[in-house]
Amino acid sequence: MIDLNIQLKRGSFKLDVSLALSHEGVTSLFGPSGSGKTTILRVVAGHEPSASGLVRVAGEVWMDTSKGQFLQPHQRRIGWVSQEVDLFDHLTALGNLKFALDRLKDDTSISMTEVVDWFQIGDLLGRYPRALSGGQRQRVAMARALLRNPRILLLDEPISALDAAARFEILPILDQVAREQELPILYVSHSAREVARLADYVVCVEAGKVVREGTTRDLLSQIEFSSHHGSEQGAVIEAEVVLHDGEDHLSQVRTDAGCLWIPRTDLDLGVRVRLQILARDVSLATAEISQDSILNVLDGVVSELREVEPGVFVVRVLCGEGEKALPILARLTKRSRVRLGIDVNKKVFVRMKSISLLD
Amino acid sequence: MFLAFDKNIWPTVSLTLQLSAMTTLLLLLFGVPLSWWLARSRSRLRLVVQALVALPLVLPPTVLGFYLLIALAPRGFLGSFWGMLGGGRLVFSFAGLVIGSFCYSLPFMVQPVTSAFGALSDRKVEVAASLGAGPWDRFFHLALPVAKRGILTGCVLTFAHTMGEFGVVLMIGGNITHVTDVLSITIYEHVESQDYASAHLLSAGLLLISFSALILIFRLGDRRGDGSP
């Protein structure tokens, strides 16, 4: 549980944020640069002494200016990784890890071998930071942050300076650590794809204020919010790998609204994955079509629709029952909408031409 | 001639080395924390302190020496304070010379060390804090190791600079045998009395020491990119 109620004024910039995050897992602070995302992390870390308000993490009060309480940064259990090279150059990778571990004193609940193993940095320990690649450095930096045995992990665009291959290495590890350690993560990002891949909960920050928040699934399927992503607009859903069909090079995943086929993946059965279904890859039908090339069809009810540009509608369809209903976005022309009579509460068939695995 | 010369020279050499060592040690204790403050502080006072520290670089040593003479005199502000502590006379004494050298060599310690500390980004200091290191811990285990070369450079510069100091010593030390007659003053004496052979020997010695010191400093600065910090 994280309670934040932060006010900070710097020149003409004003930060005024109030958040109660019950979510374990990854909360993404999402927004344009200069919106105050990084400053929020700095306040949580204790590096903005001029901030006022309340910071409470896992039951510990780190700042409460109404009571004159302010815990110094070195007394707060945080793991903090940014896009910059944060490793200490005068120490080897191992020296950097020990810097964190040596200061834990009597806390033995986190082990060096375990963390080194997660991030697969065993072979790098003897090297100095300048002899490491960007991706290797960030893996060591994240390992070091975890060796602080933090109550919260603050990640400030930790992979945005890396190339695609290095990102691909790090994201799954982070995902796994977040889930296995039950460690809340505040993840600052301006990449919608990173958010879609990693975040459980999204907080949109603009000009120092929270303008919108919600679960990733809800938020990314809100027409207005996702419209910012242009052609990348689409729903993100969670699913579990249940079957591999080697002959047809397909894998089957189970969602809350039924099973879907995706291109063959090497992931093990039972693994949880995230899928992105772009609105432009989805079409709607009012009757079942039996002879058709499309593999993935779900039925649902239209919950919202909006004309996002002249002549183009985005329709939000809820597939499945009740709370767990899966929101899916579809893009269609005004003419199709009128011809099919699509409106709120209309029953439709959602036909997905393509589904991609987020990784 | 050489043997006769030998007997008089060792106390002078020893005195000069003692003065340099003492000055370097004191500046290490005082100058390094001051440099850390200068590198990290955002206080407006910083500029004033920075200018004060750099003054000896631009002032004629006689000006500095003159004011020090006044301050160190028995009724001067340092002299009387020293007297209150039970110390003896400061002018024309070894203690006075140490104070003078301390002021005169201050920039030679503070400037390289400040720029070495300056290379350490705020971000890294903050990261160290978030990893559990308090202010002293950060100073000793992050700042000092990172600035190691700068500090070594400061020490060598301070030592060499103090060995060659002349004007300030002349103003506040005079030339009292075995108390304040350091090498540079003795060279001046030899030239005055036309003893060029002795002046040559001492000058060549100082030249060699200064040259070696500079080689050492440049070697320290040159050891980059070889895989070790």
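The number of residues in region A:10-32 that are in a loop (DSSP other than H, G, I, E, B) and either under 12 Å from residue A:214 (Cα atoms) or of a type in the set (Phe, Trp, Tyr) (or both) comes to 2.
For region A:129-160, the candidate set comprises residues that are surrounded by fewer than 24 Cβ atoms within 10 Å (Cβ to Cβ) and part of a loop (DSSP other than H, G, I, E, B); within that set, the residue that is nearest to the other protein chains (Cβ to nearest Cβ) is A:148. Filtered by the rule that a residue be open to solvent by 10 Å² or more (accessible area, probe 1.4 Å) and either in a strand (DSSP E or B) or within 13 Å of chain B (Cβ to nearest Cβ) (or both), region A:78-98 gives A:80, A:83, A:84, A:85, A:89, A:90, A:91, A:92, A:95, A:98. Would a scan of region B:154-173 turn up a residue that is open to solvent by less than 30 Å² (accessible area, probe 1.4 Å), at the interface with chain A (Cβ under 10 Å from one of its Cβ atoms) and in a helix (DSSP H, G or I)? No - not one qualifying residue is present in region B:154-173. Taking residue A:41, is it of a type in the set (A, V, I, L, M), part of a strand (DSSP E or B) and open to solvent by less than 60 Å² (accessible area, probe 1.4 Å)? So residue A:41 does not fit the description; no.
Condition (residue is basic (Lys, Arg), modelled with pLDDT under 90 and out of contact with any helix residue (DSSP H, G or I) (no Cβ under 7 Å at 6 or more places or on another chain)) applied to region B:116-131: is it met by at least one residue? No - not one qualifying residue is present in region B:116-131.
All conditions but one from (1) over 24 Å from residue A:337 (Cβ atoms); (2) of a type in the set (D, E, K, R); (3) touching a residue at least 12 places away in the same chain (Cβ under 8 Å); (4) open to solvent by 40 Å² or more (accessible area, probe 1.4 Å) apply to residue A:274; the one that does not is (4). Which residues, counting only those in region A:161-181, are in contact (Cβ under 8 Å) with a residue 40 or more places away in the chain, more than 25 Å from residue A:104 (Cβ to Cβ) and open to solvent by 40 Å² or more (accessible area, probe 1.4 Å)? Those that are in contact (Cβ under 8 Å) with a residue 40 or more places away in the chain, more than 25 Å from residue A:104 (Cβ to Cβ) and open to solvent by 40 Å² or more (accessible area, probe 1.4 Å): A:161, A:168, A:172. Here the condition is being in contact (Cβ under 8 Å) with a residue 12 or more places away in the chain, part of a strand (DSSP E or B) and within 22 Å of residue A:223 (Cβ to Cβ); of A:337, A:306, it holds for A:306 alone.
Annotation for region A:277-287: no member residue is over 23 Å from residue A:323 (Cβ atoms) and assigned by TED's automatic domain parsing to the domain that holds residue A:171. Based on this model, can you work out whether residue A:298 counts as assigned to a strand (DSSP E or B), outside the structural domain of residue A:219 (by TED's automatic domain parsing) and not aromatic (Phe, Trp, Tyr)? In short, yes. Within region A:128-161, the set of residues being over 21 Å from residue A:26 (Cβ atoms) and in contact with a Gly (Cβ under 9 Å, 6 or more places away or on another chain) comprises A:128, A:130, A:131. The condition (being surrounded by fewer than 18 Cβ atoms within 10 Å (Cβ to Cβ), touching a helix residue (DSSP H, G or I) at 6+ places or on another chain (Cβ under 9 Å), in a helix (DSSP H, G or I) and more than 14 Å from chain B (Cβ to nearest Cβ)) is satisfied by just one residue among A:212, A:193: A:193. Residues that are among the acidic types (Asp, Glu) and closer than 23 Å to residue A:143 by Cα within region A:45-102 comprise A:84, A:86, A:89, A:102, listed in sequence order. Residue A:62 satisfies every condition listed in (1) within 13 Å of chain B (Cβ to nearest Cβ); (2) buried (at least 20 other Cβ atoms within 10 Å of the Cβ); (3) in a helix (DSSP H, G or I) except (3). A count restricted to region A:86-114 and to residues that are free of Cβ contacts under 8 Å to residues at least 12 places away in the same chain and either farther than 19 Å from residue B:144 by Cα or polar (S, T, N, Q) (or both) stands at 6.
The residues of region A:342-357 that are exposed (fewer than 14 other Cβ atoms within 10 Å of the Cβ) and touching a Ser or Thr at 6+ places or on another chain (Cβ under 7 Å) amount to a single one, A:344. Among the residues making up region A:99-128, those that are aromatic (Phe, Trp, Tyr) and more than 9 Å from every other protein chain (Cβ to nearest Cβ) are A:118, A:119.
Within region A:249-263, restricting attention to residues that are in a loop (DSSP other than H, G, I, E, B) and modelled with pLDDT under 90, the residue that is least open to solvent (accessible area, probe 1.4 Å) is A:257. Here the condition is being within 14 Å of chain B (Cβ to nearest Cβ) and at pLDDT 90 or above; of A:75, A:69, A:7, it holds for A:75 alone. If the condition is being within 14 Å of chain B (Cβ to nearest Cβ) and not in a loop (DSSP other than H, G, I, E, B), then region A:44-54 contributes A:44, A:45.
The values are calculated or read from the model by the stated rules, or taken from the named source; none is laboratory data. Computed from a prediction, not measured in an experiment: that's the story for all the values here. We place every Cβ from the backbone using ideal geometry, glycine too, and count neighbours over all the protein chains shown. Heads up: the accessible areas ignore ligands, DNA and RNA and are worked out on the full protein's heavy atoms, side chains in. Shrake-Rupley method; radii C 1.70, N 1.55, O 1.52, S 1.80 Å.
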